[in-house]
């Protein structure tokens, strides 16, 4: 079982407190929350052009693990909103978990979100590979995504990503992942299309 864990990092805590306090001044239709991919999403062209106009907020923190996100959620990061949808992307920095443990962590995240936001539609993004060429980490990601499809879909909707779109001859293409770990502007343009579609679908159902 994964326990919530606060990071011993003042800047990290300052960012968390900023996210908590944002609700005092702004309302969001959609919250995107998680680690590196969400943190950099907020700086991307894709976010500014497609997501910001839909009143989407990005609560991302570089280097966060599942345990860190659990702590952030328990400490009120989503409590003062009434979002129609919450999108989660986490796990990239978890290197010491089995695929089963990681999905169990996703399920724990789902439980705490559901307890605090009973009316929100909850989405989990598939895990992205890291490293240029197929290796044990790629195999790990494939196992996690397969378990997500069989187990997590009982509770939440899993957003499938077109991972082949960022590959070239079986390896990650640098224009899409500039360091083979984080997405570039072009990477967001390609991989976040199904995220946008899922959000638009929820907002459409809710009459927006």
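The values are calculated or read from the model by the stated rules, or taken from the named source; none is laboratory data. Quick caveat, the model's predicted, so the values are computed rather than measured. Here Cβ is always computed from backbone atoms with ideal geometry, including for glycine, and neighbour counts include all displayed protein chains.
Scanning the stretch 1-19 for residues that are in contact with a strand residue (DSSP E or B) (Cβ under 8 Å, 6 or more places away or on another chain) and under 24 Å from residue 96 (Cα atoms) returns no hits.
Within the stretch 110-137, being within 11 Å of the chain's Cα centre (by Cα) and in contact (Cβ under 8 Å) with a residue 40 or more places away in the chain holds for 123, 125, 128.
Just to be sure, is residue 152 farther than 25 Å from residue 48 by Cα, modelled with pLDDT under 95, surrounded by 13 or more Cβ atoms within 10 Å (Cβ to Cβ) and in contact with a helix residue (DSSP H, G or I) (Cβ under 8 Å, 6 or more places away or on another chain)? Yes: the conditions hold for residue 152. Considering only residues in the stretch 1-16 that are farther than 18 Å from residue 60 by Cβ and touching a helix residue (DSSP H, G or I) at 6+ places or on another chain (Cβ under 9 Å), the one that is surrounded by the fewest Cβ atoms within 10 Å (Cβ to Cβ) turns out to be 1.
Of the candidates 96, 75, the single residue that is under 18 Å from residue 65 (Cα atoms), touching a helix residue (DSSP H, G or I) at 6+ places or on another chain (Cβ under 8 Å) and surrounded by fewer than 17 Cβ atoms within 10 Å (Cβ to Cβ) is 75. Of the residues making up the stretch 157-198, those that are part of a helix (DSSP H, G or I), touching a residue at least 40 places away in the same chain (Cβ under 8 Å) and out of contact with any helix residue (DSSP H, G or I) (no Cβ under 6 Å at 6 or more places or on another chain) are 191, 195, 198.
Across the stretch 28-57, what is the number of residues that are within 18 Å of residue 122 (Cα to Cα) and in contact with a strand residue (DSSP E or B) (Cβ under 6 Å, 6 or more places away or on another chain)? Give the steps one after another, and end with the answer.
Residues of the stretch 28-57 that are within 18 Å of residue 122 (Cα to Cα), as a first pass: 28-35, 37-38, 51, 54-57.
Within this subset, residues satisfying the condition of being in contact with a strand residue (DSSP E or B) (Cβ under 6 Å, 6 or more places away or on another chain) are 28, 30-34, 37-38, 56-57.
Selection size over the stretch 28-57: 10.
Go through the residues of the stretch 126-135 one by one and say whether even a single one is part of a loop (DSSP other than H, G, I, E, B), closer than 18 Å to residue 107 by Cα and touching a strand residue (DSSP E or B) at 6+ places or on another chain (Cβ under 7 Å). Yes, there is a match, as at least one residue in the stretch 126-135 is part of a loop (DSSP other than H, G, I, E, B), closer than 18 Å to residue 107 by Cα and touching a strand residue (DSSP E or B) at 6+ places or on another chain (Cβ under 7 Å).
Residues that are surrounded by fewer than 22 Cβ atoms within 10 Å (Cβ to Cβ), under 26 Å from residue 200 (Cβ atoms) and touching a residue at least 40 places away in the same chain (Cβ under 8 Å) within the stretch 48-72 comprise 50, 54, listed in sequence order. Filtering the stretch 199-208 to residues that are under 16 Å from residue 123 (Cβ atoms) and touching a residue at least 60 places away in the same chain (Cβ under 8 Å) leaves 199, 200, 202, 203, 206. Here residue 26 meets the list (1) surrounded by fewer than 23 Cβ atoms within 10 Å (Cβ to Cβ); (2) within 16 Å of the chain's Cα centre (by Cα) almost entirely, failing just condition (2). Against the test of being buried (at least 21 other Cβ atoms within 10 Å of the Cβ), farther than 22 Å from residue 184 by Cβ, in contact (Cβ under 8 Å) with a residue 24 or more places away in the chain and within 14 Å of the chain's Cα centre (by Cα), the options 105, 91 yield a single qualifying residue, 105.
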